[in-house]
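To keep things clear, I will list the structure first and then write my remarks on it.
The values are calculated or read from the model by the stated rules, or taken from the named source; none is laboratory data. Just so we're clear, the structure is a prediction, and the values are computed from it rather than from any experiment. Note: ideal-geometry Cβ built from the backbone for every residue, glycine included; neighbour counts use all protein chains shown.
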Amino acid sequence: MSAEQMAIPERMKAAVLYGKEDLRVEQVEPPRALDGEVILRVDAALTCGTDRKVYRRGYHAKMLRPPMLFGHEVAGTIVERGASVTEFALGERVVALNSAPCGVCYLCQRDQENLCDDLLFNNGAYAEYMRIPERIVAKNMLRIPEGMAASHAAMTEPLACALHGWEDSGARTGDTVAVIGAGPLGLMMMRLAVLADCRLIAVVKHAEQARMARALGAQEVIELAADRNVVEAVRERTPDGRGVDVAIEAVALPETWQQAVGMVRNGGVVNFFGGPAAGTTVCLDTNRVHYGDITLKATFHHTPAICRRAFELLASGRFDAEMLLTGQAALEDLPKVFQSWGAQAGEIKTVIVSGAAEGRIKA
C-alpha cells in the first residue's frame, strides 16, 4: 500500500538551526511520508519561549541538536499520508503536538507520560511542509473544527504545558494565586487562574506586562522594582499578610524560586514551573519549608490527555488565543524575528506564515 498525496513541490523553504544564534531559512528537500506518517502543509507556526532559549543556546538536550529543522508549535493541512493511516484524510486540518510518549515504559504505566523514558519529540514547524511521525499521528494529532483559526489551534502545545502546571498546583475556587513572570506561559497561567475563579496576583517586569496581566483578569498587579520587596508586596495583598494559597514561578531564576517560597502561606503550594538551565542551584529556607508544611512541586511538559483538554479550551473559545497573538511574519523573516525578540514591549507570540500557507491562517 503506497502513500497518498496532494501536490508537493520538489523543494521547500525551511528554517534550519546551525548553532548558537545561527538560524537560516534555506531551500531543502521536502519530507515524504513513511508508513503511518503524514506530511502537513504548515498553515501556522508560533514562536515560543523554548525556541528562543534553544536559539540562544544553540541546542536543546532533549529535543534537538544542530543542524536541525526548527520550531514545534504548528497547525496544518494533511497533504500526504503514509500507508496504514486511516483515521485522517487528505485535506483535513490538524494540530500535531510536538511529542508523544511510548505508553509502555515504567513511567507511562504510572500515568507520568510527560516523563516517558522514550518520549518522541518532533521539530520542523518553521517550514512550508512538516513530517509528523507515526507515534504522534496515532497518539497526539487532533482535527481542527471548522471555523477555528490555524493560529489558535497551534497554541495547543504551550497551553497544554501551562494547563499541566495549573492542574498540578491544585488551586481551588476562591484561592489567591500569585504568578511570577509574564512571558507567554506565565500569561497563560494567569488566564487559567482567572478561568478557575481564583484571585490572581500577577508579578511582572514592566508596564506593558502589567497592562496585559490586567487584560487577562488579574485583580492585583505588582511591577518589579529594584527597591521593592516583592515577597512583602504580595503578602500585603493577602488577608492578615498570610500569603497566597498557591505561588507559581514562571521565570526560571533562583531569586524568583526563593520569592515564590517566601510569598506562599503555611500549608500552601509552590510550583516551580519555569525551566532553569542545567546546573542552576537555589538556596531555600528549610525551616520555613518544613515548619510551614509547604508543598514544593515542579511541572514539565504535557500528556496526550492534557493536550486534549487544552485543545478543547481553545476550540470552545473559553481560552481566547487571540489575546496572546501579537504579530505575524513571513517565514523568510524568521531569523530577524529571533534576532529582535524582546525589543518591542508587549511582544508575546508571532504567527509565522510560509508561502505555502499564505492567506490560510484564518481558514
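Here are a few things to note about the model shown:
- Out of V251, V270, V261, sole residue that is in a strand (DSSP E or B), buried (at least 19 other Cβ atoms within 10 Å of the Cβ) and touching a strand residue (DSSP E or B) at 6+ places or on another chain (Cβ under 7 Å): V270
- Single condition A207 does not satisfy, out of (1) free of Cβ contacts under 8 Å to residues at least 60 places away in the same chain; (2) among the small types (G, A, S); (3) in contact with an Asp or Glu (Cβ under 8 Å, 6 or more places away or on another chain): (1)
- Test: residue in the range 328-350 that is of a type in the set (A, V, I, L, M), outside any helix (DSSP H, G or I), at pLDDT below 95 and in contact with a helix residue (DSSP H, G or I) (Cβ under 9 Å, 6 or more places away or on another chain): yes
- Test: residue in the range 35-58 that is β-branched (V, I, T), surrounded by fewer than 17 Cβ atoms within 10 Å (Cβ to Cβ) and within 20 Å of E134 (Cβ to Cβ): no
- Screening R56, R52, R41, R32 for residues that are in a loop (DSSP other than H, G, I, E, B) and of a type in the set (K, R) leaves exactly one candidate, R32.
- The residues of the range 129-153 that are assigned to a helix (DSSP H, G or I) and touching a Cys at 6+ places or on another chain (Cβ under 8 Å) amount to a single one, R135.
- Total residues in the range 297-325, condition polar (S, T, N, Q), part of a loop (DSSP other than H, G, I, E, B) and farther than 19 Å from V104 by Cα: 1
- Residue check for T326: within 18 Å of M190 (Cα to Cα) and not assigned by TED's automatic domain parsing to the domain that holds G183: yes
- Scope the range 154-170; condition part of a loop (DSSP other than H, G, I, E, B) and surrounded by fewer than 24 Cβ atoms within 10 Å (Cβ to Cβ); matching residues: G170
- When the range 210-241 is limited to residues that are of a type in the set (K, R) and free of Cβ contacts under 8 Å to residues at least 24 places away in the same chain, the one that is farthest from G165 (Cα to Cα) turns out to be R228.
- Looking across the range 103-118 at every residue that is among the hydrophobic types (A, V, I, L, M, F, W, C) and in contact (Cβ under 8 Å) with a residue 12 or more places away in the chain, the one that is farthest from H164 (Cα to Cα) is identified as C105.
- Considering residues of the range 60-102 that are without any contact (Cβ under 8 Å) to a residue 40 or more places away in the chain and over 18 Å from E37 (Cβ atoms) only, the residue surrounded by the most Cβ atoms within 10 Å (Cβ to Cβ): H60
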